[in-house]
Amino acid sequence: MEVIREKADMRAWSRRIRRDGKSLALVPTMGYLHEGHLSLVREAKAHADVIVVSVYVNPGQFAPSEDLSTYPSDLQGDLLKLSQTGVVQAVFCPRNLYDYDTPGPLSAPPRHHFSNGSGEKQAPVSCLEKERCDGTHETWVRVERLEKGMCGASRPVLFRGVATVVTKLFHIVEPDVAIFGKKDYQQWRIISRMVRDLDFAIEIIGSEIVREADGLAMSSRNVRLSPRDRKQALSINKALSEAKVNVSKGSISSQDIKHRIFQTVSDSGGRIDYVEIVGQESLEPVEKIECPVVICIAAWFGDVRLIDNIEIDVPAV
Ligand code: AMP
């Protein structure tokens with residue numbers, strides 16, 4: 001298994017693979033890998049000859065107030081897990097994806113604020129802009145409608161950062177296929193839409209959520225839950241599973257279903273960020289559950305924000 005740290009080396013490696021007539025799958029991650037990530041690797045094997053996993057915690061998708069500095073990492077552990085799968089040929093773990101050969105306006109004095117063009121000062125919005133106050137990176141990809149609701153409403157820089165870093169990874173690795181987890185449902189839909197709208201020649205696969213034995217969706221952030229919060233967090237999966245049962249029994253009012261989820265999670269001690277019932281493709285909220293929907297939730301347990309969702313394919317009759 002190759003460990004590649006430079007963009008140019010990664011691109012050269014991928015191109016060699018493709019020259020040999022092999023297809024390539026990319027699994028983008030932020031590391032601290034768990035069984036959910038490894039399930040994406042197994043899914044990738046079903047779609048391509050060669051698998052590249054990227055491990056990069058992207059400062060462009062964290063607001064300065066968010067948990068970039070406490071995001072867990074363990075590159076050596078990740079490399080071991082990936083090599084033990086026996087199917088990963090390369091791991092791309094760049095030190096910094098925003099280093100460029102051609103400099104930005106580095107001669108300008110450091111700026112802690114940016115102009116929005118009208119002379120008004122604006123605070124930097126992501127950790128990238130905060131760290132790189134020379135403004136050397138200034139190009140962002142936005143999927144304008146899909147990025148707005150749910151996680152995008154609570155974390156306004158998240159999807160701009162995700163779409164941009166995934167675009168960069170796609171240009172560097174040039175995969176045929178990329179695998180994303182449905183755990184980050186909105187992210188998966190946004191990347192799929194971006195690829196369609198911008199004509200990337202890459203197939204996007206959505207892979208099912210992997211859960212702990214007790215139902216908690218696996219997440220790198222779970223390690224930061226206290227034992228008490230972890231127990232309380234089980235209410236998320238409980239509430240979502242109950243909702244699915246209730247829909248199958250004919251309960252189709254989104255408001256009712258959302259209310260019950262809210263109660264279950266709040267009663268357990270969680271603080272709901274949002275609960276939404278949206279069309280699976282459009283991500284538009286529905287009033288009645290009469291078409292394939294996904295119920296998406298984000299909730300805080302202590303200082304850890306967790307997300308989860310459940311697809312409901314069979315409409316109630
Ligand atoms: P992250 O490292 O959290 O950015 O996640 C990298 C990829 O793994 C994303 O496509 C996630 O949706 C996916 N992923 C994370 N947790 C899970 C899980 N429990 N089940 C399936 N996929 C997951």
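The values are calculated or read from the model by the stated rules, or taken from the named source; none is laboratory data. These figures come from a predicted structure and were not determined experimentally. Glycine gets a Cβ as well: all are built from the backbone with ideal geometry, and neighbour counts include every protein chain shown. Side chains are part of the model used for accessible areas, which takes the heavy atoms of the whole protein and leaves out ligands, DNA and RNA. Shrake-Rupley method; radii C 1.70, N 1.55, O 1.52, S 1.80 Å.
Average accessible surface for the range 145-201: 34 Å² per residue, computed with a 1.4 Å probe over protein heavy atoms with every protein chain in place. Taking a cut-off of 18 Å between Cα atoms, list the lysines near Lys168, but don't count ones fewer than 8 places away on the same chain. Of all the lysines, those that pass the test against Lys168 - Cα under 18 Å, at least 8 places apart if same chain - are Lys7.
Partner aspartates and glutamates whose Cα lies under 20 Å from the Cα of Lys258, excluding those fewer than 8 positions away in the same chain, are identified as Asp184, Glu242, Asp267, Asp273, Glu276, Glu281, Glu284, Glu287, Glu290, Asp308, Glu311, Asp313. In this rough spin-label picture, where each label sits 7 Å from Cα along the Cβ direction, the Asp267-Ser73 distance is 4.2 nm.
To the nearest 10, the accessible area of Lys130 is 120 Å² with a 1.4 Å probe.
Charge dipole of the chain (Cα centre as origin; +1 on each Lys and Arg Cβ, -1 on each Asp and Glu Cβ, all else neutral): 260 debye, rounded to the nearest 20.
Only protein heavy atoms count here; under a 1.4 Å probe, Glu2 has an accessible surface of about 90 Å².
Reported to the nearest whole Å, the Cα centre-to-centre distance from the range 145-190 to the range 49-92 is 16.
How would you classify the range 221-317 from its alpha-carbon gyration tensor, with a ≥ b ≥ c the square roots of the eigenvalues: rounded for a/c under 1.5, else prolate if a/b is greater than b/c, otherwise oblate? Judged from the Cα gyration tensor, the range 221-317 comes out prolate (a/c at least 1.5, a/b above b/c).
In the range 233-317, a dipole from Cβ-located charges (positive for Lys and Arg, negative for Asp and Glu) runs towards its positive end, and of Ile277, Asn237, Pro292 it is Asn237 whose Cα lies farthest in that direction.
Available extension along the chain between Asp49 and Arg142 is 30.4 nm, counting 0.36 nm per residue and deducting the alpha carbon span. Atom-type composition of the exposed protein surface of the chain places 50 percent of the accessible area on carbon and sulfur (1.4 angstrom probe).
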